[in-house]
Each structure stands twice: as structure tokens, then as C-alpha cells.
Amino acid sequence: MTTQTVLQARGLSKRYGHVVAMADCDFDLRAGEILGVIGDNGAGKSTLIKALTGALVPDTGVIHLNGEPVSFRNPLEARRAGIETVYQELGVAPALEVSQNLFLGREQRRPGLRGSLFRQLDKPAMRRASAEHMADLGIRIQSIRQRVETLSGGQRQAVAVARVAAWATRLVVMDEPTAALGVRETHQVLDLILRVRDRGLPVVLISHDMPNVFQVADRIHIHRLGRRVALVNTGDVTMDDAVAVMTGARSPADVPQVQVSTPDEDASSPKGTDHGER
Amino acid sequence: MTPATARVAAADLDTGVGSSSWWRVALTGQVTGPLAALILAVVIFSTTTENFFSGANLALVVQQSVVVGTLAIGQTLVVLTAGIDLACAAIMVMGSVVIGRIAVSGNVWLALLAGVVVTVLLGAVNGSLVSLASLPPFIVTLGVLTALTAGARLFTDSASYPIKSTLLTALNHGPRVGGVTITYGAMAWIGLTVLMAYALTQTKWGTRIYTVGDNPHAAELVGINVKRVLFGVYVVAGLIYAIAAWQALGRTPTADPAGYPTANLDSITAVVIGGTSLFGGRGGVTGTLVGTLIVTVLQNGLTHAGIDSLYQQVATGVLVVLAVAVDRLTRTRQSR
Ligand SMILES: Nc1ncnc2c1ncn2[C@@H]1O[C@H](COP(=O)(O)OP(=O)(O)OP(=O)(O)O)[C@@H](O)[C@H]1O
Ligand SMILES: [Mg+2]
């Protein structure tokens with residue numbers, strides 16, 4: 001496994017009026033890893049993920065993708081750069097077919113005149129590609145033409161994950177993909193996440209479920225009060241320690257942290273201005 | 001190439017991928033229920049009344065459906081985005097009085113063009129208030145309806161204009177087939193339904209409309225410009241209302257500012273009975289065509305049965321509430 005850094009952020013901050021949702025936050029994701037992101041409710045995990053995926057523009061800070069500075073103004077720009085996200089609010093269209101959901105916003109037209117002149121979509125090709133992609137990921141559904149609303153919660157989430165896995169070229173971000181799922185369905189989705197990683201895509205997994213995170217993550221980013229307080233190897237800490245750091249019961253200095261490569265000079269300079277507000 | 005597209009050529013899998021032609025999908029999609037209701041209504045009126053089931057009367061049913069049916073196509077587009085257009089007939093009437101008044105001067109082509117411009121502009125007014133200003137479609141179109149009801153009277157001084165031009169009444173003519181006239185207006189209505197069925201089910205434009213109506217949040221996340229889609233829908237609806245205005249001038253050759261008072265609600269009834277959900281994202285114009293025929297058959301059949309037209313309105317009202325209730329029920333059963 002390489003240790004190349006795929007996505008790196010330094011000094012991100014974001015405030016909403018008086019609420020500091022993110023304060024001088026760092027972030028590191030390596031190639032080929034599943035990075036668990038844990039933190040209490042309201043710690044600012046979703047805010048961080050939104051900043052990394054273009055869903056919001058941070059007030060300060062810099063982001064590097066494969067060493068190149070990037071600043072996404074909207075999710076579309078992040079997606080064009082190869083970053084795909086499953087947001088906490090499920091982004092599927094329940095009345096549409098599975099294959100339509102996989103190709104949502106990226107529909108293909110038929111070749112030739114039917115596509116160019118009559119603007120006809122190539123539904124057969126999209127269905128074929130979707131069916132194959134779902135089979136590749138080991139997701140079992142009855143028919144690719146089923147409406148998403150006829151699927152179980154786990155299957156719906158699987159469709160959302162399959163979509164990001166189909167289009168991502170750099171990395172995949174999932175904000176609580178197993179929330180509201182049963183035990184069996186949760187394990188299906190976790191399996192899916194492992195399979196996505198094994199296909200070479202690094203995964204950022206935000207979750208409140210410690211056993212899940214410890215089961216699949218290679219490293220864990222511990223988030224507290226709007227910033228990363230620790231980055232640890234999953235094998236180096238116990239679940240209790242991680243939770244203690246996350247809740248502030250223990251100091252981050254008490255756990256063995258991962259050394260992150262020092263960022264480039266330009267990456268470290270514009271620091272947030274909001275630290276220590278809380 | 002992205003991973004998914006790169007593997008398109010791979011072998012077929014046994015997951016229900018098989019293709020079927022788009023028109024078959026459009027036909028069988030969600031219209032079986034409404035179609036059964038339509039057939040039932042036709043059978044009931046054919047057996048209980050004397051003159052309902054005749055070539056001439058069935059042709060009349062089609063003629064009576066043309067204007068509301070065309071309005072209902074525009075209405076369907078709006079409802080698919082989880083909106084509603086309470087002003088659709090008012091926009092059509094405004095278009096027709098503009099046409100009628102300008103046609104008095106003799107230049108009918110100019111009159112027709114002015115009518116199109118007016119309905120499209122009014123559609124754009126609805127569209128910008130709904131999309132740019134993010135106002136609820138119900139309130140926006142209610143306001144436009146109220147303003148236009150008065151506006152059409154002010155514009156015409158409450159007078160109506162007789163239509164004499166053959167161009168303006170052309171849609172009420174057409175070839176005779178087996179003793180009944182198939183009007184160009186009816187052809188336009190059916191043709192527009194086919195065209196829109198294709199556009200909705202087979203193009204990106206249509207998929208975007210369904211996505212925006214189904215889950216605007218998801219639409220935004222995948223990069224669909226929700227506001228632009230909404231605006232476009234109201235503008236296209238405005239264009240369709242212009243066609244309805246032209247058809248209306250053929251059916252009753254008078255541009256009357258007080259004409260078509262029930263067509264707003266009739267078009268909504270047709271859409272809802274046709275199986276399009278008021279919550280957006282489900283349904284289509286094929287169902288609306290059937291829904292329109294149900295509304296007309298009911299009114300026509302009750303007339304043949306000798307029932308007062310006020311009771312017909314009561315029946316239509318009951319029907320629309322029933323259809324919405326069914327919509328609501330099926331929605332909660334399969335809710336997320
Ligand atoms: N749009 C917003 N406007 C105002 N405050 C916001 C907004 N978004 C987030 N916040 C605030 O920022 C803080 C961090 O929110 P965020 O959603 O990032 O937390 P989280 O760690 O994802 O929580 P959870 O685990 O509950 O999902 C919270 O205090 C929240 O109230
Ligand atoms: Mg969150």
C-alpha cells in the first residue's frame with residue numbers, strides 16, 4: 001500500500017453567525033485507506049465533509065487533492081475532480097428506477113441520430129451498465145428497473161453507495177451511510193465499503209457507530225469542537241480511548257498519534273482566525 | 001471514461017435489463033388504473049343512456065376534451081415538479097383575448113404571435129416567481145389567476161371579440177373519417193401528448209423534471225440546476241397554453257374574457273385522475289390524456305342522463321378529491 005496523500009486540508013474554518021462549526025481543522029487521507037471520522041453530535045464532521053466536497057466554501061484554510069491546491073465552489077466541481085459523496089441526507093430519487101439513480105445527472109444519449117437529433121436517452125445501455133456495476137459490487141436486487149422506493153433501506157443505501165463508487169475516480173466520502181439501518185443491512189453496507197476500498201478508492205467514512213468504524217477503518221480521525229484533535233491507527237488505540245478523546249474525557253496527548261507529513265509551506269500559511277472561541 | 005460507462009459493452013445480465021420500446025412504457029406505465037375507470041364510465045353511460053354511445057357523440061367528447069386536455073399537458077409538467085398551476089386557463093384566456101383584439105385590425109398572424117408571446121411571458125412570470133424567488137407555486141399562480149381574471153376584463157373593457165378569421169378557427173376543422181370530423185385541434189392535442197410523453201420519458205430534460213419533482217435535494221446534489229428546470233417548465237407550459245388558446249378560438253369563435261371558468265380546475269382534475277401525483281415526480285401525460293377523457297365523459301354522460309350541470313360540477317369535485325386521496329394513500333404506503 002502506498003502512503004501517498006490523496007486529500008489534505010490545513011486550517012479549515014467555518015462559522016455560521018456566532019456558531020463556529022469548524023475551527024482550524026486539519027485533514028489527511030491516504031491512498032487506499034478507509035479513514036474513519038468520529039465525533040460527537042454537532043462536533044462539525046458534516047461541516048468538514050461539506051467543505052472538502054464543495055458543498056460549502058470554508059471561511060479559511062487550504063485543500064490539496066493529490067498535491068494540487070483546489071478550491072471547490074460547488075459539489076459539481078468536486079465531482080469533476082473525482083470526489084464523490086454520499087451525504088447524510090440520502091440523495092436518491094425514490095420514484096426513479098435504480099439505473100436512473102445510478103446515472104442521475106449523468107444520463108447517456110443513444111449513439112447516432114436518435115441521440116443527437118432526437119435527444120433520446122440510451123436506457124438499455126444505462127440499465128446494462130448499472131446491472132453489471134451492481135453485480136460487481138455484490139449488491140443483489142431483483143431488477144435494475146425497480147423503483148428505489150420499492151427497495152429496503154439497506155438496498156437504497158447500497159444504491160447511493162454504488163452511485164458514488166461508479167463515478168468516483170479519486171475518493172469516496174460517506175456521511176453516516178449506516179445510520180438508520182438494521183444490523184444485517186449495516187453489515188452489507190460495510191462490506192460494500194470494503195469492496196470499494198479494495199477496488200482502489202480511498203474512503204472517508206463518518207460514523208457514530210464505534211464498532212463499525214473499528215471494524216473497517218485503517219485510520220481514525222477524531223473530531224471534537226470543530227477540529228481534528230487526533231489521527232490514530234485503528235490498531236493503536238482501544239475503542240474506549242478513542243471515545244474518551246472524542247468526548248474530551250482524555251487528552252489527545254495520551255494516545256499514540258499518527259505523524260502526518262508536514263504540509264507544504266503554502267499549505268500551512270493561511271491559518272484560521274477563529275481558534276479558541278469555544 | 002468513467003468506470004460505469006466503460007463497461008457498457010459487457011454481457012447482458014439477468015436483472016430485468018431487457019429493453020422495451022418507449023411508447024409501450026409510456027402506455028403501460030401508470031395508466032392502467034385510469035384506463036379501467038374510463039372504460040367503466042363509457043360502459044355505464046352507454047348502457048344507461050340512449051345517445052351516449054354513438055360515433056357523433058364520441059367525436060363530440062373528443063372535441064370537448066381538446067382545450068382542457070391541452071391545458072392539462074402543461075399542467076402535468078408543472079405538477080410533476082411538485083407544483084401546481086391555478087392560472088393555466090386564465091393565461092389561456094388572456095392569450096385568446098389578446099389574439100381576438102389584435103385580430104380585429106385584420107393582421108391575424110400578428111395576433112397569433114402576440115398571443116404566444118403573452119402566454120409565454122405569463123409562464124415566465126410564474127416560473128421566475130417560483131424558481132428565483134422560491135415562492136410556493138400555489139400562491140404564485142393564485143395571484144396570477146386573480147390578477148388575470150381582472151386583467152382580461154380590463155384589457156377588453158369586458159367586451160368579447162367575435163373571431164372571423166379562418167386561420168384562427170382552423171383548428172376546429174379537419175378531415176372527415178367515417179362520418180365524423182377529426183379536427184386539427186384534436187390532432188394537435190394527441191400529437192402534443194405523444195411528443196411530451198417522448199420528451200418526459202426519453203430525454204434528459206424529462207428525467208430532470210422527474211428528479212426535481214421527486215427529490216429536489218438529490219437533484220441539486222447531482223448538479224441539476226433546479227431553478228432552471230422549474231423556470232423552463234413554466235415557460236413551456238405557457239407555450240402549451242397558447243396552443244390551447246388557438247384551439248379554444250376554434251371551438252367557440254369568440255374571444256371572451258370570462259370564458260372557460262372551470263378549465264383551471266378541470267385541468268388539475270384531469271392530471272390527478274390521470275395518475276400524476278400532486279407530490280411530484282410520478283405520472284405523465286399519457287395518464288393525463290386518459291384523465292381528461294374521464295372528466296369529459298363524466299360531464300357529457302351526465303348531460304345525456306339528464307342530470308343538471310351543477311351536479312356535474314359536484315361530481316367532478318368529488319372525483320378530484322377521491323383521486324387526491326388515492327394518491328395520498330399510495331404515497332404513504334410506499335413512503336421512505
Ligand atoms: N447551515 C447551518 N447554519 C447554522 N449552523 C450550522 C449549520 N450547519 C451546521 N451548523 C452548526 O455547526 C455545528 C456542526 O454541525 P455538523 O452538522 O457539522 O455536525 P456533525 O458533527 O455532523 O453532527 P452529527 O453527528 O449530528 O451529524 C453544529 O453546532 C450545527 O448546529
Ligand atoms: Mg453530520
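The values are calculated or read from the model by the stated rules, or taken from the named source; none is laboratory data. What you see is a predicted model; the values in this text were computed from it and never measured. Here Cβ is always computed from backbone atoms with ideal geometry, including for glycine, and neighbour counts include all displayed protein chains. The area values use the complete protein model at the heavy-atom level, side chains included, leaving out ligands, DNA and RNA. Shrake-Rupley method; radii C 1.70, N 1.55, O 1.52, S 1.80 Å.
Looking at A:M239, is it more than 14 Å from chain B (Cβ to nearest Cβ), out of contact with any His (no Cβ under 6 Å at 6 or more places or on another chain), of a type outside the set (S, T, N, Q) and within 16 Å of ligand 1 (Cβ to nearest atom)? Steps first, please.
On the way: more than 14 Å from chain B (Cβ to nearest Cβ): yes; out of contact with any His (no Cβ under 6 Å at 6 or more places or on another chain): yes; of a type outside the set (S, T, N, Q): yes; within 16 Å of ligand 1 (Cβ to nearest atom): no.
No.
Among the listed residues B:V97, B:V62, identify the single one that is open to solvent by 10 Å² or more (accessible area, probe 1.4 Å) and not small (G, A, S).
On the way: B:V97 fails: open to solvent by 10 Å² or more (accessible area, probe 1.4 Å).
Just a single option satisfies the conditions, and that option is B:V62.
I'm trying to understand the selection: among the residues of segment A:10-28, which are surrounded by 24 or more Cβ atoms within 10 Å (Cβ to Cβ), under 26 Å from A:L201 (Cβ atoms) and more than 16 Å from ligand 2 (Cβ to nearest atom)?
If the condition is that a residue be surrounded by 24 or more Cβ atoms within 10 Å (Cβ to Cβ), under 26 Å from A:L201 (Cβ atoms) and more than 16 Å from ligand 2 (Cβ to nearest atom), then A:R10 is the only one that fits.
Which strands (runs of 3 or more DSSP E) does segment A:52-96 wholly contain that include 1 or more residues that are surrounded by fewer than 22 Cβ atoms within 10 Å (Cβ to Cβ) and more than 16 Å from ligand 1 (Cβ to nearest atom)?
A:60-65, A:68-70
I'd like to check something: does segment A:87-97 contain any residue that is touching a helix residue (DSSP H, G or I) at 6+ places or on another chain (Cβ under 8 Å), over 20 Å from B:G284 (Cβ atoms) and more than 8 Å from chain B (Cβ to nearest Cβ)?
Narrowing segment A:87-97 to residues touching a helix residue (DSSP H, G or I) at 6+ places or on another chain (Cβ under 8 Å): A:87-97.
Among the residues that remain, those that are also over 20 Å from B:G284 (Cβ atoms) are: A:87-92.
Now restrict to residues that are more than 8 Å from chain B (Cβ to nearest Cβ): A:88.
The answer is yes, given that some residue of segment A:87-97 is touching a helix residue (DSSP H, G or I) at 6+ places or on another chain (Cβ under 8 Å), over 20 Å from B:G284 (Cβ atoms) and more than 8 Å from chain B (Cβ to nearest Cβ).
Residue-by-condition table, conditions (1) open to solvent by 30 Å² or more (accessible area, probe 1.4 Å); (2) in contact (Cβ under 8 Å) with a residue 60 or more places away in the chain; (3) at the interface with another protein chain (Cβ under 8 Å from one of its Cβ atoms); (4) within 30 Å of A:V6 (Cβ to Cβ):
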residue	(1), (2), (3), (4)
A:G115	no, no, no, no
A:R127	no, no, yes, no
A:M134	no, no, yes, yes
A:I139	no, no, no, yes
A:R145	yes, no, yes, no
A:V161	no, yes, no, yes
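Right, A:G32: surrounded by fewer than 22 Cβ atoms within 10 Å (Cβ to Cβ), more than 16 Å from ligand 2 (Cβ to nearest atom), assigned by TED's automatic domain parsing to the domain that holds A:L225 and not charged (D, E, K, R) or not?
Numbers: surrounded by fewer than 22 Cβ atoms within 10 Å (Cβ to Cβ): yes; more than 16 Å from ligand 2 (Cβ to nearest atom): yes; assigned by TED's automatic domain parsing to the domain that holds A:L225: yes; not charged (D, E, K, R): yes.
Against the criterion (surrounded by fewer than 22 Cβ atoms within 10 Å (Cβ to Cβ), more than 16 Å from ligand 2 (Cβ to nearest atom), assigned by TED's automatic domain parsing to the domain that holds A:L225 and not charged (D, E, K, R)), A:G32 qualifies.
Scan segment A:20-51 residue by residue and report those that are assigned to a loop (DSSP other than H, G, I, E, B) and either within 15 Å of ligand 1 (Cβ to nearest atom) or touching an Asp or Glu at 6+ places or on another chain (Cβ under 6 Å) (or both). Full working, then the answer.
The initial filter retains those residues of segment A:20-51 that are assigned to a loop (DSSP other than H, G, I, E, B), namely A:31-33, A:39-44.
Hits for segment A:20-51 are A:E33, A:G39, A:D40, A:N41, A:G42, A:A43, A:G44.
Can you tell me which residue among B:A159, B:A219 is surrounded by 21 or more Cβ atoms within 10 Å (Cβ to Cβ) and modelled with pLDDT under 95? So that I can check it myself, show each step before the final result.
Numbers: B:A159 fails: surrounded by 21 or more Cβ atoms within 10 Å (Cβ to Cβ).
Exactly one of B:A159, B:A219 is surrounded by 21 or more Cβ atoms within 10 Å (Cβ to Cβ) and modelled with pLDDT under 95, namely B:A219.
Considering only segment A:98-113, state which residues are open to solvent by 30 Å² or more (accessible area, probe 1.4 Å), more than 8 Å from chain B (Cβ to nearest Cβ) and on the phi < 0 side of the Ramachandran plot. Lay out the reasoning, then the answer.
Here is the first cut: in segment A:98-113, the residues open to solvent by 30 Å² or more (accessible area, probe 1.4 Å) are A:100, A:105-106, A:108-113.
Next, only the ones that are more than 8 Å from chain B (Cβ to nearest Cβ) stay: A:110-113.
Within segment A:98-113, A:R110, A:P111, A:L113 meet the criteria.
Tell me the residue from A:T150, A:T169 that is at the interface with chain B (Cβ under 9 Å from one of its Cβ atoms) and out of contact with any helix residue (DSSP H, G or I) (no Cβ under 9 Å at 6 or more places or on another chain), please.
Working: A:T169 fails: out of contact with any helix residue (DSSP H, G or I) (no Cβ under 9 Å at 6 or more places or on another chain).
Matching residue, one of A:T150, A:T169: A:T150.
Looking at (1) under 24 Å from A:L90 (Cα atoms); (2) open to solvent by 10 Å² or more (accessible area, probe 1.4 Å), find the lone condition where A:A168 falls short.
(2)
Tally up the residues in segment A:175-225 that are of a type in the set (A, V, I, L, M, F, W, C), within 16 Å of A:V6 (Cα to Cα) and within 16 Å of ligand 1 (Cβ to nearest atom), please.
3
Got at least one residue in segment A:47-70 being in contact (Cβ under 8 Å) with a residue 40 or more places away in the chain, of a type in the set (D, E) and away from ligand 2 (no atom under 16 Å from the Cβ)?
Looking only at segment A:47-70, we keep the residues that are in contact (Cβ under 8 Å) with a residue 40 or more places away in the chain, and these are A:47-49, A:51-53, A:56, A:58-67, A:69.
Going one step further and asking which of them are of a type in the set (D, E), we end up with A:59.
Those left that are additionally away from ligand 2 (no atom under 16 Å from the Cβ): A:59.
Yes, segment A:47-70 has at least one match.
For the structure I just gave you, tell me whether A:R10 is away from every other protein chain (no Cβ under 14 Å), touching a Pro at 6+ places or on another chain (Cβ under 8 Å) and outside any loop (DSSP other than H, G, I, E, B).
Numbers: away from every other protein chain (no Cβ under 14 Å): yes; touching a Pro at 6+ places or on another chain (Cβ under 8 Å): yes; outside any loop (DSSP other than H, G, I, E, B): yes.
So A:R10 fits the description; yes.
Having 2 or more residues that are within 30 Å of B:S160 (Cα to Cα) is the bar; report the helices (runs of 4 or more DSSP H) wholly within segment B:186-291 that clear it. Before you say what the answer is, go through the steps one by one.
Details: elements: B:204-214, B:216-221, B:226-251, B:263-273.
Answer list for segment B:186-291: B:226-251, B:263-273.
Can you tell me which residues in segment B:114-142 are over 20 Å from the mean Cα position of the chain (by Cα) and surrounded by 15 or more Cβ atoms within 10 Å (Cβ to Cβ)?
Matches in segment B:114-142: B:A114, B:S128, B:L129, B:S131, B:L135.
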